[in-house]
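The values are calculated or read from the model by the stated rules, or taken from the named source; none is laboratory data. As the structure is a prediction and not an experimental result, all values here were calculated from the model. With ideal geometry, Cβ positions are generated from the backbone for all residues, glycine too; neighbour counts draw on all protein chains shown.
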Amino acid sequence: MKDTIEGFLDLVKERNGHEPEFLQAVEEVAETVIPYIVKHDIYYGKNILLRMVEPERLISFRVCWVDDSGEIQVNRGYRIQMNSAIGPYKGGLRFHPTVNASILKFLAFEQVFKNSLTTLPMGGGKGGSDFDPKGKSDNEIMRFCHAFMSELFRHIGPNTDIPAGDIGVGQREIGFLFGMYRKMRNEFTGVLTGKGMTWGGSLIRPEATGYGTVYFAENMLKTKNDSFKGKTIVISGSGNVAQFAAEKSLQLGAKVVTLSDSSGYIYDDEGIDDGKLKFIMTLKNEKRGRISEYVKEYPNAKFTKGKTPWGEACDIALPCATQNELNEDDAKTLLNNGCICVSEGANMPSTKEAIAAFHKAKILFAPGKASNAGGVATSGLEMTQNSLRYKWTREEVDNKLKDIMTDIHKSCIEYGTEEDGYIDYVKGANIAGFVKVADAMLAQGIV
């Protein structure tokens, strides 16, 4: 089995040797899915996983726009259309200086499994640009978004590819992108998700990824007859995902003690309550400030520069910032400090070595493709509302989100329960996501 896995990975490395993030994501899936393929004749010998790691389409394009000083700027734009076997491509757009083909391919590959787990008819894709919205005026962001969409519009549509937001792409950017799409195509369709409430958006969409991460962790804790009540929570990040993971944790009776950004993290031993969280939301969403400003408002808290919060004692850790932010040493520190549950809010925030440490300790660990699927699930619900020309209430959307996260958890248990009763959620999520896509690919032939 080891030779089979290594042979597959060697072939993928030969084709994608310069893309470390993508190779990391493929390796994690291969180690759990290939043994399953070998045991099931319906999949064995069909090279399904090899077909799944190759994007159906990789689009790269130049984006030229004019800044406020009148100078022409040039960025790269991408859209990775990974797999459409179970539905149109679906996945976010990321605007960040670190964006490249490797990162987007890893995100698109993960998205295929994540979307499959939701049980909604959505394929996987991802896109974005190395454009950095930070420090840009609203007019500069508008001009960039319009230039970006003037090329992307050729490749997307409500039944082809439905992008959403991601890092650097919030409701403002989605608005600018949608405006140009509507103009270029002369039609009003649900081609983007994460839209404003007055023009096709869904309630709970901004909250969905953070809420879903907590709902999944809540389901894991229930397998141990436990809950969030009275637990100490350490969260990384301070964007939408982290903010709403904190909000839902508070609603479930937990104590949140950290949030972070690229400059460092805050630790508040008294707990980040609803009032303090509202301050952070205003600071990050409206003022575009740094998390360090929290200690000026609440001097009893501390700010640690240039570090992640994994050295702080907690019961539950929610990594909600970015990929590979939690390494092996961090994992061991969390375990030594009594952490019993880790639920990933970001995409692949834990390194392979960190995950191995969590599995060795047999704590509850949820990979992002399962635990942070709430965002794309609610995007799927937004697509449904757009198709129906209808809007569900906040409570209706939240209940549907809870049901989807519960169903994902059940699928992980079905495919991830070991002989000793331990639930390997990584294995469960990978196999459950693979089976649905693989069955669709087999049914449709070699296309």
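Evaluate segment 138-147: report whether one residue or more is touching a His at 6+ places or on another chain (Cβ under 6 Å), part of a helix (DSSP H, G or I) and not hydroxyl-bearing (Ser, Thr, Tyr).
So far as segment 138-147 goes, no, none of its residues is touching a His at 6+ places or on another chain (Cβ under 6 Å), part of a helix (DSSP H, G or I) and not hydroxyl-bearing (Ser, Thr, Tyr).
From Val256, Val295, Val241, grab the single residue that is at pLDDT 95 or above, surrounded by 13 or more Cβ atoms within 10 Å (Cβ to Cβ), touching a helix residue (DSSP H, G or I) at 6+ places or on another chain (Cβ under 7 Å) and farther than 17 Å from Gly311 by Cα.
Val241
If you go through segment 359-396 one residue at a time, how many are part of a helix (DSSP H, G or I) and over 21 Å from the mean Cα position of the chain (by Cα)?
So the count comes out to 10.
Filtering segment 148-169 down to residues that are under 17 Å from the mean Cα position of the chain (by Cα) and part of a strand (DSSP E or B), which residue is surrounded by the most Cβ atoms within 10 Å (Cβ to Cβ)?
Across segment 148-169, the extreme among qualifying residues is Pro163.
Results for (1) more than 23 Å from Lys427 (Cβ to Cβ); (2) touching a residue at least 60 places away in the same chain (Cβ under 8 Å); (3) acidic (Asp, Glu); (4) out of contact with any His (no Cβ under 8 Å at 6 or more places or on another chain), shown as yes or no for each residue.
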{"site": "Asn47", "(1), (2), (3), (4)": "no, no, no, yes"}
{"site": "Ile72", "(1), (2), (3), (4)": "yes, no, no, yes"}
{"site": "Ala101", "(1), (2), (3), (4)": "yes, yes, no, yes"}
{"site": "Thr119", "(1), (2), (3), (4)": "no, yes, no, yes"}
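Going by the conditions given, is Thr213 touching a strand residue (DSSP E or B) at 6+ places or on another chain (Cβ under 8 Å), more than 17 Å from Gly92 (Cα to Cα), among the polar types (S, T, N, Q) and buried (at least 22 other Cβ atoms within 10 Å of the Cβ)?
yes
Can you spot a residue in segment 366-379 that is over 24 Å from Ala30 (Cβ atoms) and either surrounded by fewer than 24 Cβ atoms within 10 Å (Cβ to Cβ) or of a type in the set (A, V, I, L, M) (or both)?
yes
So Asn219 fits all but one of (1) within 30 Å of Ala254 (Cα to Cα); (2) in a loop (DSSP other than H, G, I, E, B); what number is the exception?
(2)
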